[in-house]
Structures are given as structure tokens and as C-alpha cells.
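Quick note: the coordinates plus some simple rules give every number you see, no bench work behind them. Bear in mind the structure is a predicted one, so any value in this text is a computation, not a measurement. Counting neighbours? That spans all protein chains shown, and the Cβs are built from the backbone with ideal geometry, glycine included.
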Amino acid sequence: MCPCCEASLRVDPVTRAVITHTPKPVARTFADMEAAARAMREGDVRKESIFRQSVEAEKNKAELMDKKFAEAVKKAKEAPDMTKPFLRDFDLE
């Protein structure tokens with residue numbers, strides 16, 4: 001038994017080489033077609049919900065950007081004027 005992938009291994013004891021490798025059987029994801037169809041419908045509902053949230057976020061995006069811009073303008077007006085050269089103490093000596 002392989003410790004990593006749980007496959008069945010047949011090893012030659014003399015050469016210590018793998019003779020056969022049988023992969024672990026893959027379990028079915030769904031028991032029947034009805035369960036698979038139900039999961040697909042649930043996935044579609046989830047995708048639709050995510051899409052609606054993204055549409056709502058896009059609608060509010062312009063308003064959010066306007067608020068951020070107004071805040072940046074307000075902050076820029078409150079900041080000192082950087083067009084004048086900054087005078088240091090030793091520049092005045």
C-alpha cells in the first residue's frame with residue numbers, strides 16, 4: 001500500500017522494484033443522476049447570487065469613487081502648499 005496515494009503496489013523482494021501499481025478506486029461524487037442534477041441547480045443558484053452581488057457593487061461603485069475623490073480633494077486643500085520650496089533651518093543661516 002502506497003502511503004501517499006493509497007494505491008496497491010506489488011514490489012519484487014529481490015530487486016525491490018515495483019512490479020505493479022493499481023490506483024485506489026475513485027469514489028463517485030454523486031450517488032445517482034438526481035443528486036448530480038440537484039447539485040447543478042444549487043450551483044446555478046449560487047452563481048446567480050454572486051452575480052447579483054457583483055451587479056449591486058458596480059452600481060454603487062461610481063458613488064463610492066465620487067466620495068473617495070471628494071475626500072482626496074478635501075485632504076489636498078488642507079495639506080500645506082507644496083509648490084513653494086521647503087525651507088529648512090540651515091537654509092535661513
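Just a few scattered comments:
- For the chain: lysine pairs under 22 Å (alpha-carbon distance), excluding those fewer than 8 apart on one chain: 11
- The C-alpha atoms of the chain define a longest principal axis, and helix 33-78 lies at about 20 degrees to it.
- Helical contribution to [θ] at 222 nm, DSSP H n ≥ 4, -39,500 (n - 2.57), averaged over the chain, rounded to 500: -18500 deg cm²/dmol
- At R0 = 41 Å, FRET efficiency that the Cβ-Cβ distance of residue 10 and residue 35 yields, to 0.05: 0.70
- Within the range 8-75, the proportion of Cα pairs with more than 20 Å between them is 69 percent.
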